Amino acid sequence: MNRDCSSIFALLSGYLDRDLPPVECAELEQHIQSCAPCVAFVDSLKKSVQLGKGYAPASDVPALAPETKQKLQEAYQRMLAARKP
């Protein structure tokens, strides 16, 4: 079965986590080997996963200034209002 790149992209997380059946993994690997955009995407995804695993948030995060918090809340409300039909 030949999958298009968008369906490959949708399955890559499961592939990298080794959650897919062997047959599906083989199909993905076959496609990825011959598709430069998929190779680049897999490399990028692997790097993102690696960086995420190494992330350690600061233990002492400073509080937002009240005016900054207000601006964020206003921007959020505008975004929500724009999404309503």
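Kindly establish whether Ala82 is more than 23 Å from Asp4 (Cβ to Cβ) and either assigned to a helix (DSSP H, G or I) or of a type in the set (Asp, Glu) (or both).
So Ala82 fits the description; yes.
For residues that are assigned to a helix (DSSP H, G or I) and of a type outside the set (S, T, N, Q), scanning just the range 49-69, find the one that is surrounded by the most Cβ atoms within 10 Å (Cβ to Cβ).
Val49
Matching residues to (1) of a type in the set (A, V, I, L, M, F, W, C); (2) surrounded by 10 or more Cβ atoms within 10 Å (Cβ to Cβ):
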| site | (1), (2) |
| --- | --- |
| Asp4 | no, no |
| Ile8 | yes, yes |
| Asp19 | no, yes |
| Pro22 | no, no |
| His31 | no, yes |
| Ala36 | yes, no |
| Ala40 | yes, yes |
| Asp43 | no, yes |
| Lys47 | no, yes |
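Find the residue count for the range 1-37, including only residues that are outside any helix (DSSP H, G or I) and of a type in the set (Phe, Trp, Tyr). Spell out how you get there, then give the answer.
Of the range 1-37, the ones outside any helix (DSSP H, G or I) are 1-4, 17-21, 34-35.
Then keep just the ones that are of a type in the set (Phe, Trp, Tyr); that gives none.
Number satisfying all stated conditions: 0.
For the range 48-78, give me each residue that is within 24 Å of the chain's Cα centre (by Cα) and either of a type in the set (Ser, Thr, Tyr) or within 15 Å of Phe9 (Cα to Cα) (or both).
Of everything in the range 48-78, those that are within 24 Å of the chain's Cα centre (by Cα) and either of a type in the set (Ser, Thr, Tyr) or within 15 Å of Phe9 (Cα to Cα) (or both) turn out to be Ser48, Val49, Tyr55, Tyr76.
Coordinate-derived values only; no laboratory data. This one's a predicted model, so the numbers in the text were calculated from it and none came from an experiment. Using ideal geometry, Cβ is built from the backbone for each residue, glycine included, and neighbour counts are taken over all protein chains shown.
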